[in-house]
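Everything below concerns the one structure shown next.
We did not get these values from a lab; they are worked out from the coordinates using the rules stated. As the structure is a prediction and not an experimental result, all values here were calculated from the model. Virtual Cβ from ideal backbone geometry, glycine too; neighbours counted across all protein chains shown.
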Amino acid sequence: MSFNLEQELEARHAAGLYRRRQTLDSPQGPEVIINGQHCLAFCSNDYLGLANHPDVIASFRQATDHYGLGGGASHLVVGHSRAHHQLEEALAEFTGRERVLLFANGYMANLGVISALLGKQDAVFQDRLNHASLLDAGRLSGARFQRYLHNDVDNLTNRLQKTRARRKLIVTDGVFSMDGDVAPVKALSELAEQHQAWLMVDDAHGFGCLGANGGGVAEAYGLNQKHLPVLVGTLGKAFGTYGAFVAGSHALIETLIQFARTYIYTTSMPPAVASATLTSLKLLREQQWRREHLQTLIQYFRSGCEQLGLPLMPSSTPIQPLLVGCARRAMAISRRLSEQGILVTAIRPPTVPEGSSRLRITFSASHKLHHVDRLLDALKMAAQSTGVADVSDQPATASLSMTGVLS
């Protein structure tokens, strides 16, 4: 019996879908050193620029002196430190929920929640474009797994009307990681109430960026614990650290402590990471200018792309996908940008559907307007050489009035 691993790898390479790791030799930031090359990066999820913030680093160092490095054990043995507990309490207050439970990462949080809540008598309804961790969790839960059309409330309604499941769980991303659009969470919440279902939102890309205080889609759309019973967030994006959390009722959190296998059977995150996250949470809440600057950058970029005729997907978040379609062409544009010192990742199937390959351009509060100008100039040259759009001869720089804006 042969596994034919080499043949499968060759087939992926021939289809233009082969993936390669790149080696980072610098901290996260707008300008990085990747594979020994200095680049201007537009592919990090460090949306608020906190991953290399000196206050966050100082908190980590201080906590390491106190706790050491490793968590040492699972939370239910001897791995639940005071730093973990304090972070859970702070995140509960931040999200307006009764309690919060920390997980090692977002993938484990989603697997743990859905498998703990559902079984063979139940049904889970997921947006077709949900993150892979949510889709995998739905399949592995044993519940009847259904995918509704992207952000299509009517399609979901039809599916809910036909189910006779014991428990019904509607699951969606808050901000979709590859499209940058926002789920209709208000309508989903109302629909869940009508059908005696629960709503679960993974707001990994919404926390820090949306809402007056960075509270994500729940804050932006006024959804409290009753309207949104299961709220998931990650700490490795806008928070700039690592890990994930689930926020909800006391009964939900106790259920996860008892039944979520990905919580019970894994070592806790390093306590120093929890302590550092407390500092990043404080910065996230207090420094409103980071969210304001992000919106300035997004509007500036979108205006520039409109002038150049570049086909951006509709998004008001830091995720700004440039739709290309062909995987090979997306890779070609990414290479052309790299030759100009611009780092933008080409996203191809199976991460996105066939025919929808794209450049996933992301912004950070650490970017400046002159960084965006460089990106637009580089995109113009790359687009002209690959034929991704009918680009005019006008300057790439967006002609916007930015008086008083950080640049």
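Overview of values
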read-out: Segment 354-381 residues near the modelled Trp289 label - backbone nitrogen below 20 Å, point 7 Å along Cα→Cβ; value: 363-372
read-out: Cβ-based exposure ranking for Tyr242, Tyr18, in which fewest neighbours within 10 Å come first; value: Tyr18, Tyr242
read-out: Segment Val153-Ala14, extension gain: residue separation times 0.36 nm, minus the distance between their alpha carbons; value: 46.2 nm
read-out: Acute angle (nearest 10 degrees) that the helix 5-14 long axis makes with the longest principal axis of the chain, alpha-carbon atoms; value: 50
read-out: Cα shape, segment 177-301, gyration tensor, a/c 1.5 rule; value: oblate
read-out: Set of aspartates and glutamates near Lys162 by C-alpha distance (under 14 Å), chain-local residues within fewer than 8 positions excluded; value: Asp122, Asp154
read-out: Backbone HN-Hα couplings from phi across segment 198-206 [Karplus 6.51/-1.76/1.60, Hz, Gly and Pro as x]; value: 9, 10, 10, 10, 8, 9, 3, 9, x
read-out: For segment 121-164, with +1 on Lys and Arg beta carbons and -1 on Asp and Glu, the positive-most of Phe145, Leu156, Ser133 along the dipole; value: Phe145
read-out: Linear extension gain, Leu140 paired with Gln299, 0.36 nm per residue minus alpha-carbon span; value: 53.2 nm
read-out: For a label point 7 Å along the Cα-to-beta-carbon line of Gln7, residues of segment 337-351 with backbone N under 13 Å; value: none
read-out: Residue (of Gly214, Thr277, Tyr263) at the positive-pole extreme of segment 54-286, dipole from beta-carbon charges; value: Tyr263
read-out: Angle in degrees between helix 327-339 and the longest Cα principal axis of the chain, rounded to the nearest 10; value: 70
read-out: Gain on full stretching of the segment that runs from Asp65 to Glu190 - 0.36 nm per residue minus C-alpha separation; value: 40.2 nm
